[in-house]
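Coordinate-derived values only; no laboratory data. Since the model is a prediction, treat every value here as computed from it, not as a measurement.
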Amino acid sequence: MEAYGLAGGTLLEGGLRLARALCTVTLEGDAPPPSAVLCYWHRDAILGFLYVLGTPTRFVALCHPAWTLKPWERLARWHRWHLIAASSGHDGQRGARAVVACLREGLSTFVCPDGPRGPPGTLHRGALHMASQAGAPLVPMRFVCSRELRLPRWDRLRLPLPGATVTVLPGRPLPVDEATLDASADALGAALGPAS
């Protein structure tokens, strides 16, 4: 299992580095504030990684504990992210509490609110609850990619092609608390736009 994680993590890291070398990643607007919950649709997961791997921000990452995700776990360790192995149905409440504690200490996190299995563009509320409990803003993240490939899977995952320009568009930070959860969910969904 460890060998799989190391080999897969090495390939994953190499692929992401190659993508960053062959693409131009630009930030349009202000960078997200520290101690924020960055949110983007699952279709943008790779584009999101291209962004977060190029920032000095300290992250906490929640990762499903399945053996198939060991390469992502390895990637998180290499980038010195605080890794929490948990997800919905797999010690998720403990994991969410740990993310909240890290957010309160000044780390940021990133969440695909329609993941891990969709449906695409359906906002699950875990990110809102974590942000509310930590007093951290939600930051909707959109990505414009000049040349891309869409994979034929549930999320239509976007992969940038060589020579592409990936423009990162952070939205206005959205405060959230338990009293405004529904309004914050609506605002986040509107800011992320359709997941088509």
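Below are the figures for this structure:
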quantity	calculated
Centroid-to-centroid separation of the stretch 133-186 and the stretch 45-62 [C-alpha atoms, Å]	12 Å
Expected-Rg normalisation [2.2 N^0.38 Å, Cα atoms] applied to the chain	0.97
Rounded D (µm²/s) - the stretch 32-87, Kirkwood Rh over Cα pairs, Stokes-Einstein at 20 °C, 1.002 mPa s	177 µm²/s
